[in-house]
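**Q** Have a look at this one before I ask anything.
The values are calculated or read from the model by the stated rules, or taken from the named source; none is laboratory data. Note that the structure is predicted; figures quoted are calculated from it, not measured. Methodologically, a virtual Cβ is constructed for each residue, glycine included, from the backbone with ideal geometry; neighbour enumeration extends over all protein chains shown. Ligands, DNA and RNA are stripped out before the accessible areas are found, and what is left, the full protein with its side chains, is counted by its heavy atoms. Shrake-Rupley method; radii C 1.70, N 1.55, O 1.52, S 1.80 Å.
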Amino acid sequence: MQQLSISMVAKQAGIKSSTIRYYEEINLLPPAARQNGRRYYDQQIFERLAFIRTTQRLGFSLHEIQLLFQQQQQPAPLAGLWRKMAKQKLADLSQLLEQASHVQQLLQRGLRCRCATLETCVHCVLQHCQD
């Protein structure tokens, strides 16, 4: 199997070498094989990096991704933890969307402000645009 240097992996994955070293340091990636002090990886590294990238896009923190990888090594099914974490992400997202909608409404009301100065306008928005 072909061994890839850290720079080759970084280039192909579209990330920095320092990111790969950091992921390895926090145990998101298994330790690389070393030859003469240099890190070398096999092709499976790309699957792991793709999983990390995908879960980050879904809103998972690096700590949460660590938990998923740790659960993979346990006899209990991974799907249970995944469902629990995904449900929490959905709840968080719903709350975030609600907050964003509220801010959007306040800003739209603020656009109708006809105050002469910025200070007065900000005061007006804070005083009169609240629900």
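**Q** Looking at Ala33, Ala100, which one is touching a residue at least 24 places away in the same chain (Cβ under 8 Å) and out of contact with any Ser or Thr (no Cβ under 8 Å at 6 or more places or on another chain)?
**A** Criteria check complete, one pass: Ala33.
**Q** Now for a different question. Within region 1-18, how many residues turn out to be surrounded by 11 or more Cβ atoms within 10 Å (Cβ to Cβ), among the polar types (S, T, N, Q) and over 24 Å from the mean Cα position of the chain (by Cα)?
**A** Total meeting the criteria: 2.
**Q** I've got another one for you. Which of the residues spanning region 59-81 are within 26 Å of Arg21 (Cα to Cα) and either open to solvent by 100 Å² or more (accessible area, probe 1.4 Å) or of a type outside the set (A, V, I, L, M) (or both)?
**A** If the condition is that a residue be within 26 Å of Arg21 (Cα to Cα) and either open to solvent by 100 Å² or more (accessible area, probe 1.4 Å) or of a type outside the set (A, V, I, L, M) (or both), then Gly59, Phe60, Ser61, His63, Glu64, Gln66, Phe69, Gln70, Gln71, Gln72, Gln73, Gln74 are the ones that fit.
**Q** Scan Gln56, Gln108, Gln104, Gln88 and give me the residue that is in a helix (DSSP H, G or I), open to solvent by 70 Å² or more (accessible area, probe 1.4 Å) and closer than 27 Å to Ala10 by Cβ.
**A** Residue meeting the stated conditions: Gln56.
**Q** Across region 19-44, what is the total count of residues that are exposed (fewer than 11 other Cβ atoms within 10 Å of the Cβ) and over 20 Å from Phe69 (Cα atoms)?
**A** 4
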